[in-house]
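*Asks:* Okay, here's the structure, questions in a sec.
The values are calculated or read from the model by the stated rules, or taken from the named source; none is laboratory data. These numbers come from a predicted model, not from an experiment. A quick note on method: Cβ atoms are made from the backbone with ideal geometry, for glycine too, and the neighbour counts reach across all protein chains shown. The accessibility values were calculated without ligands, DNA or RNA, using every heavy atom of the protein model including side chains. Shrake-Rupley method; radii C 1.70, N 1.55, O 1.52, S 1.80 Å.
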Amino acid sequence: PPKFVTVVVDKAGQAFFNDKPVAQPELAAGLLAAAKANPETEVQLRADQGVPYGRVVEVMGEAQKAGLNRIGFVAEAPGGAESPTPAASR
């Protein structure tokens, strides 16, 4: 079984499970299946900076409900397309 799964949440709040767009029930089912296959599976979570914090917490909650407690945050790797992300102005 894979050692990790990837969950991405884009600017619009759309979740992707292993690069496939999924609705919340599909995300939950995918995480549950991953946990069954290997309880040590790590969830690599990448969320767009524009995503509301509550949405990220929802996704983390689904992983924890599935029994996956190893959640790693993956920062967007700069490179590829030129899209500098401005720092939040205070």
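*Asks:* Restricting the first residue to the stretch 1-23 and requiring it to be modelled with pLDDT of 95 or more and among the hydroxyl-bearing types (Ser, Thr, Tyr), which pairs with a second residue that is open to solvent by 50 Å² or more (accessible area, probe 1.4 Å) and in a strand (DSSP E or B) meet a Cβ separation below 6 Å and a spacing of at least six or different chains?
*Replies:* Listed pairs, sorted by first residue: THR6/GLN44.
*Asks:* Return the residue satisfying two criteria in turn: it lies in the stretch 5-44 and is among the aliphatic types (A, V, I, L, M) and assigned to a loop (DSSP other than H, G, I, E, B), and of such residues it is nearest to ALA63 (Cα to Cα).
*Replies:* ALA23
*Asks:* Moving to a separate point now. What are the pairs, 6+ residues apart or on separate chains, where a residue within the stretch 42-54 that is more than 13 Å from VAL8 (Cα to Cα) has its Cβ under 6 Å from a residue that is open to solvent by 30 Å² or more (accessible area, probe 1.4 Å)?
*Replies:* Partner pairs satisfying both residue conditions: GLU42/PHE4; GLU42/ARG70.
*Asks:* Follow-up. Are any residues in the stretch 1-46 open to solvent by 50 Å² or more (accessible area, probe 1.4 Å) and touching a helix residue (DSSP H, G or I) at 6+ places or on another chain (Cβ under 6 Å), and if so, which ones?
*Replies:* PRO1
*Asks:* Looking only at the stretch 56-74, how many residues end up being in a helix (DSSP H, G or I) and open to solvent by 40 Å² or more (accessible area, probe 1.4 Å)?
*Replies:* We begin by selecting, within the stretch 56-74, every residue in a helix (DSSP H, G or I); these are 56-65.
Now drop any that are not open to solvent by 40 Å² or more (accessible area, probe 1.4 Å), which leaves 57-58, 60, 64-65.
Number satisfying all stated conditions: 5.
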